[in-house]
Structures are given as structure tokens and as C-alpha cells.
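Visitor: Here you go, one structure.
The values are calculated or read from the model by the stated rules, or taken from the named source; none is laboratory data. In this text the structure is predicted, and so the values were computed from the model without any measurement. We place every Cβ from the backbone using ideal geometry, glycine too, and count neighbours over all the protein chains shown. Ligands, DNA and RNA are stripped out before the accessible areas are found, and what is left, the full protein with its side chains, is counted by its heavy atoms. Shrake-Rupley method; radii C 1.70, N 1.55, O 1.52, S 1.80 Å.
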Amino acid sequence: MPLLAGVARREITPPVGLYMVGYGNRLLPNCGAREPLTATALTLRYDAVTVSVVACDLLAVTDATVQLVQAQLTHPVLLCCSHTHSGPPPHAAAGSPSAYVVHLRWMVSQIVDAVRESTANVRPVTVRRGMSETHIAVNRRQRNADGSVSIGVNPDGPVDRSVTVLQFHDGRGQSVAALVNLACHPTVLDPGNVQASADWVGVMRDVVEAETGAPVVFVQGACADLNPRLNHTPGNRWGIRFDVGWQTAQSVLEAMADALPLPVDRLAHGQQVIDLPLEAKADFRRQVRRQFPLAAFEPVLDRFFPWEARLTADAAGRLTVGMCVDVLRLGDVRFIGMGAEVFTEIGMALKREGDMFAGVTNGCIGYLPAATEHAAGGYEVDVAPYFFRLPGRLRVDAAEIAIDATQAILRD
């Protein structure tokens, strides 16, 4: 029985004038797009199982947006975000300006159309898996002399350097698509940039597609504490963007050159919402304001970034936030998706060699810090929960709960 695969792409570029999300201190709306932003759907079918992986040039998506897409489709969809910090808001609420509501509806329709076309175009394929390494990323949780942690460079911090590529070829040997997975924040473009862009991911995609003639479906790894090394190199941001993207493309092409056939005897998908405990505090907002100057851009945040968290409370009133976990099995490759910005240590703990880990997939609760980083605090641990509308930071055992639950899904 052959594996079937189909691919399709749609544009999701925002119109001029919409604010972009990714930096709280970017106070100007976008003035245009450097290149088209896209949603690329790869649909896989084996026997009675059909699953679509959709790579979107977005920071992240909310549960509500995932539901808008999934409600229009009859098989499971994994919405995987590149995590570009120069993309449109992926959510609109009741109080959002009409332009944002219109764009969201259009974007959802574009994603759904891409999935439907890719599903209609499935055909028998063979798969090759290749692996290599990339050295574009550095751990960003810098240790300061006073014991604090800031976003900078931590040369001794963990980094997942693995690159995994699945290439799909049709019966004539023509490339159908390449599923590419690696971990690094797309943050070459800083808060001063007001052009919509896929950041270095767009360059990597263009270079690889020019070489192979087939769409690249990029899924971002566990990149929460990883930034591009060249973020700290003075120079033209667009030139640095090209350098990082080109270097990454060479690692992807190296993986393709060494790819070996991957036998496919199964396709399976499992999904579960895991409740992660919070340290909810009444004065959380005040604590955040002491660490971060919110006053200047809080109105922009509230109006154009109306994130929604899936919160529940137990009988004692203790709050948890629901994080979606997806597991996809293709032959012996395990594709693990989490609805969070996941610290690299967690992704490395869950993956075997040749597996794929996708952060910011099917929702985003904010950062999921490694337990070893919890006590150190810093932006990802102490401040970011505010931006994702949480009433406090995650409890220290949240990562352990997420890992244990994911391993249970993998066993099943």
C-alpha cells in the first residue's frame, strides 16, 4: 500500500496598515511586504488515515484560529508556524478593528483552500530522510554578573543543531515537497522593521526551492531560547537575513544530498490537550510592569494583540492552561507538535535521532521553559506570560508534566 502526498500553497500577506506581532515595542503598523507570506499545506494519506501539515508564515496561532480552520475540514490539521516576528496578527476578537477581522477570515479561508487543494492532489510517493547540522543559532539566555538573565548570548547554553528533512518524490522521481525541521528564532529583523517578512525562513525556502523545484514545508523546532548568532552583528538587517537564510539552506541541501529511503508502513496521529499548572498571582501585572516598561505600548497590545488563553480551574481554584500536543507517526519518524514556544532542552529530550519536533503548533500558550531555567527567571519565564494573557507564570513542574504526557501519547 503506497503513501500518498499532495502539496499546495496560498498567500497570507497582510495588507498595508496592519500592525505586526512579535515585538511589544514596535509601535508602527506595517508599510508593505518584503516578500509574500504563505501557508503551505502538505497532506499525507496512508490506508484510512489522512493528516495535513500546514506551514504558515505567522508568529503563532490561537486555539480559536485553529478551530476556525479545523471546523471546515474533515481530517486532522497541524498548523505549524514559522514564528516570524514580522507577520500579521493570527487572531481577532470581538473588539478588534474590522480590518483585522477581515484579514483573519481571509487568512483562514486561504489556509483551508490550501489544505483542500493538497488533499485533492495526493498521489503515490516515496520518502527519503536526510539529516545534517546547522550552526546559525546560539542560546540567548545570557547570564549576567548580578545573577539575572537577559536576552543576549549564552555560549554555554544548550542548542539543538539538528536538521531533519523528509523528501517526497512521485513515481517519476520528481520532487513533490520537502518537510524541513530545525530550530532557531526568525528574529534577524528587529523591532525597527515595519515590512512584513518571513525573515530568514523565506530566504532558506527560496534557495532550496530553486534547487529542488518543489515547495518547502518548514516547521519550526524548539526555538524558545535560541536566536540567530548574527543577531548581534552590526550591519544591514536585510543582508544579515540573507546570510542566515543562505547558511540554513546549505544545511538543508546537505541533508537532502545524504538522504536515505524511508520505508513507510503506517501513518498515525494522536492529539491531546494537556493542562499545565500556573503560579497565578493577584499582583502579577504589577510584577511584570516592574521588569518591563509596558505603559508605552500596552494600548497597542490590548487592541491589536488580543490573545486568548484556555484557562480552567480545579475545585480549589488553582488555574491551569491547556496546551495542545500532537504526535504524528510516519514509518519510524515521530513528529511531535506542541502549542507553545518550547525551550530547546525539551525538544531535545523528546526527540530520537531522525525525529521532528514542531513548536508553536496548533496554538500557543506562550513559553514552555525547561525546569532547569525556571528559577533563573528572565523574560521568557517571568514576563512573557503577561503577553499571552496568563495570570501568572507556569509552575516549575510544567515542563515535566508536558514531557511525561507526550511520552505517553508516543507509547500509545
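Visitor: Restricting to the range 24-56, give me the number of residues that are assigned to a loop (DSSP other than H, G, I, E, B), touching a residue at least 40 places away in the same chain (Cβ under 8 Å) and farther than 25 Å from N181 by Cβ.
Guide: Matching residues across the range 24-56 total 9.
Visitor: Tell me yes or no: at least one residue of the range 164-179 is buried (at least 18 other Cβ atoms within 10 Å of the Cβ), hydrophobic (A, V, I, L, M, F, W, C) and touching a helix residue (DSSP H, G or I) at 6+ places or on another chain (Cβ under 8 Å).
Guide: yes
Visitor: I want to confirm something. Restricting to the range 304-314 and keeping residues that are open to solvent by 50 Å² or more (accessible area, probe 1.4 Å) and under 27 Å from G24 (Cα atoms), which single residue is modelled with the lowest pLDDT?
Guide: Here the answer is E308.
Visitor: Can you tell me which residues in the range 41-62 are within 16 Å of the chain's Cα centre (by Cα) and either under 25 Å from V194 (Cβ atoms) or open to solvent by 10 Å² or more (accessible area, probe 1.4 Å) (or both)?
Guide: Answer for the range 41-62, where residues must be within 16 Å of the chain's Cα centre (by Cα) and either under 25 Å from V194 (Cβ atoms) or open to solvent by 10 Å² or more (accessible area, probe 1.4 Å) (or both): A55, C56, D57, L58, L59, A60, V61, T62.
Visitor: Which members of the range 135-155 meet the condition of being open to solvent by 80 Å² or more (accessible area, probe 1.4 Å), in contact (Cβ under 8 Å) with a residue 60 or more places away in the chain and assigned to a loop (DSSP other than H, G, I, E, B)?
Guide: Result: H135, single match.
Visitor: For S132, state whether it is at pLDDT below 95, open to solvent by 10 Å² or more (accessible area, probe 1.4 Å) and among the polar types (S, T, N, Q).
Guide: Answer is no for this residue.
Visitor: Select, from R34, R9, R26, the only residue that is open to solvent by 20 Å² or more (accessible area, probe 1.4 Å) and over 18 Å from the mean Cα position of the chain (by Cα).
Guide: Unique residue meeting the criteria: R34.
Visitor: Given the options L104, L73, L59, name the one that is touching a strand residue (DSSP E or B) at 6+ places or on another chain (Cβ under 7 Å) and touching a residue at least 12 places away in the same chain (Cβ under 8 Å).
Guide: After applying the criteria, what remains is L59.
Visitor: With G377, G317, G337 as the choices, which residue is at pLDDT 95 or above and either surrounded by fewer than 17 Cβ atoms within 10 Å (Cβ to Cβ) or not in a helix (DSSP H, G or I) (or both)?
Guide: One residue alone meets the criteria, G337.
Visitor: Right, something else. Looking at V216, V201, can you tell me which residue is touching a helix residue (DSSP H, G or I) at 6+ places or on another chain (Cβ under 6 Å) and either on the phi > 0 side of the Ramachandran plot or open to solvent by less than 10 Å² (accessible area, probe 1.4 Å) (or both)?
Guide: Step by step, each of V216, V201 is checked, and only V216 is touching a helix residue (DSSP H, G or I) at 6+ places or on another chain (Cβ under 6 Å) and either on the phi > 0 side of the Ramachandran plot or open to solvent by less than 10 Å² (accessible area, probe 1.4 Å) (or both).
Visitor: Turning to a different aspect of this structure: If a residue must be assigned to a loop (DSSP other than H, G, I, E, B) and in contact (Cβ under 8 Å) with a residue 60 or more places away in the chain, how many such residues does the range 156-175 contain?
Guide: The qualifying residues number 4.
Visitor: Another question, then. For the range 98-120, state whether one or more residues are among the polar types (S, T, N, Q) and in a loop (DSSP other than H, G, I, E, B).
Guide: Among the residues of the range 98-120, not one is among the polar types (S, T, N, Q) and in a loop (DSSP other than H, G, I, E, B), which makes the answer no.
Visitor: May I pose another question? If I filter the range 285-303 for residues that are more than 25 Å from the chain's Cα centre (by Cα) and under 22 Å from L104 (Cβ atoms), do I get at least one hit?
Guide: yes
Visitor: Quick check on R229: is it charged (D, E, K, R), in contact with an Asp or Glu (Cβ under 7 Å, 6 or more places away or on another chain) and closer than 26 Å to A384 by Cβ?
Guide: no
Visitor: Search the range 77-101 for residues being over 24 Å from N193 (Cβ atoms), touching a residue at least 12 places away in the same chain (Cβ under 8 Å) and of a type in the set (A, V, I, L, M, F, W, C), and hand back the single one that is most open to solvent (accessible area, probe 1.4 Å).
Guide: Across the range 77-101, the extreme among qualifying residues is A93.
Visitor: Continuing with the same structure: Among the residues of the range 346-372, which ones are part of a helix (DSSP H, G or I) and either of a type in the set (A, V, I, L, M, F, W, C) or surrounded by fewer than 22 Cβ atoms within 10 Å (Cβ to Cβ) (or both)?
Guide: Selection gives I346, M348, A349, L350, A371, T372.
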